[in-house]
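Structure record follows, encoded as structure tokens.
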Amino acid sequence: MSEGSTRYEVKDGVASVLFDRPGARNAMTWAMYEGLAQVCEAITTDAEVRVAVFRGVGGEAFIAGTDIQQFTAFKDAEDGIAYERRIDAVVEKHEGLAKPTIAVVEGWATGAGIVIAASCDFRICTPTARFGAPIARTLGNCLSVGNVARLMVHFGPARTKRILLLADTIGAEEALACGFVEAVVPVEEIDAKVADLCGKLKGHAPLTMRAAKEAVRRLTLSGVPVADDLIRSCYGSADFKEGVSSFLAKRKPAWRGR
């Protein structure tokens, strides 16, 4: 399977960022995460860019998590700590962009996908969109506490527990009803909807929008505790090893709670 890429182009003040690995539902590889970090640097330094749009290639998914094959190289809990810090650094760079960002979601946005969508300012999706992080059912790992905070802000405690404990996915209409997405539109109308939103944002005061974004970001992450103990308890467990191996073998995991 290809490592995929995170592609970037700019036209008429709009940066288009494409997660390009459709054969794996755009599951993120290390190369794609690094590409996203580089794209964020480009958006920051390019004075032409007024708005950035993030989208998955293929129409089946925005991002379907991190490529599970990469977890087979993990040896102990410290690899989990390093991984979550690595992902946090990319997400923080993405969320901290001074310019407005839009996620266009067709199909699945799970794991890293829901987190990256949540760190955008706006989300527009098609009726097939599904948002979740089913790791309690599939892998036996956990999200960083910062990423749990991001989900809590958008979904509240009850839905966040549904996502993380019950491994439920949130459909497009429920995501609209709770305010997570700006609009649900048919796939043939989504480009026009995105263009309309970009047009509005390009016409607004950049410094005002930057201040508003940063204020919300600081409030969201204010007082977020260190939780390395939680990450170690999952990534250092036999259950996590079982989750990875069972996922790759396409069999049901046998959880033992240790």
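The values are calculated or read from the model by the stated rules, or taken from the named source; none is laboratory data. Just so you know, these numbers come straight off a predicted model, no measurement behind them. Cβ: placed from backbone, ideal geometry, glycine included. Neighbour counts: every protein chain shown.
Observations on the model:
- In segment 56-101, of all residues being buried (at least 21 other Cβ atoms within 10 Å of the Cβ) and of a type in the set (S, T, N, Q), the one that is farthest from A117 (Cα to Cα) corresponds to T66.
Here's the yes/no breakdown for (1) crowded, with 20+ Cβ neighbours inside 10 Å; (2) within 25 Å of S16 (Cβ to Cβ):
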{"position": "I124", "(1), (2)": "yes, yes"}
{"position": "A129", "(1), (2)": "yes, yes"}
{"position": "A167", "(1), (2)": "no, no"}
{"position": "I170", "(1), (2)": "yes, no"}
{"position": "E174", "(1), (2)": "no, no"}
{"position": "F180", "(1), (2)": "yes, yes"}
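- Residue in segment 206-215 that is farther than 30 Å from E78 by Cβ, in contact (Cβ under 8 Å) with a residue 40 or more places away in the chain and touching a strand residue (DSSP E or B) at 6+ places or on another chain (Cβ under 6 Å) present: no
- Test: T208 is over 30 Å from E106 (Cβ atoms) and hydroxyl-bearing (S, T, Y): yes
- Looking across A175, A129, A167, A183, one residue alone is of a type in the set (A, V, I, L, M) and more than 18 Å from T110 (Cβ to Cβ). It is A183.
- Residue list for segment 112-122, filter: surrounded by fewer than 22 Cβ atoms within 10 Å (Cβ to Cβ) and either more than 13 Å from the chain's Cα centre (by Cα) or part of a loop (DSSP other than H, G, I, E, B) (or both): C120, D121
- Test: residue in segment 90-98 that is in a helix (DSSP H, G or I) and in contact with a Phe, Trp or Tyr (Cβ under 6 Å, 6 or more places away or on another chain): yes
- Check on E48, part of a loop (DSSP other than H, G, I, E, B) and either touching a helix residue (DSSP H, G or I) at 6+ places or on another chain (Cβ under 8 Å) or modelled with pLDDT under 95 (or both): no
- Exactly one residue among A183, A118, A149 is out of contact with any Phe, Trp or Tyr (no Cβ under 6 Å at 6 or more places or on another chain) and over 30 Å from S237 (Cα atoms), and that residue is A183.
- Evaluation of W255 against (1) of a type outside the set (S, T, Y); (2) within 28 Å of Y83 (Cα to Cα); (3) without any contact (Cβ under 8 Å) to a residue 12 or more places away in the chain (one fails), failing number: (3)
- Cross-chain or 6+ apart pairs with Cβ under 9 Å, segment 1-19 first and within 16 Å of A47 (Cβ to Cβ), then assigned to a strand (DSSP E or B) and of a type in the set (D, E): A15/E9
- In segment 165-225, counting only helices (runs of 4 or more DSSP H) that sit wholly within it, the ones holding 3 or more residues that are closer than 20 Å to G146 by Cα span 206-221.
- Single residue of segment 248-258 satisfying the filter (in contact with a helix residue (DSSP H, G or I) (Cβ under 8 Å, 6 or more places away or on another chain) and either more than 18 Å from K75 (Cβ to Cβ) or polar (S, T, N, Q) (or both)) that is surrounded by the fewest Cβ atoms within 10 Å (Cβ to Cβ): G257
- Screening E189, E106 for residues that are in contact (Cβ under 8 Å) with a residue 40 or more places away in the chain, charged (D, E, K, R) and out of contact with any Pro (no Cβ under 8 Å at 6 or more places or on another chain) leaves exactly one candidate, E106.
- Matching residues in segment 194-215 - criterion: being surrounded by 12 or more Cβ atoms within 10 Å (Cβ to Cβ), farther than 18 Å from F54 by Cβ and either touching a Gly at 6+ places or on another chain (Cβ under 7 Å) or hydrophobic (A, V, I, L, M, F, W, C) (or both): A211, A212
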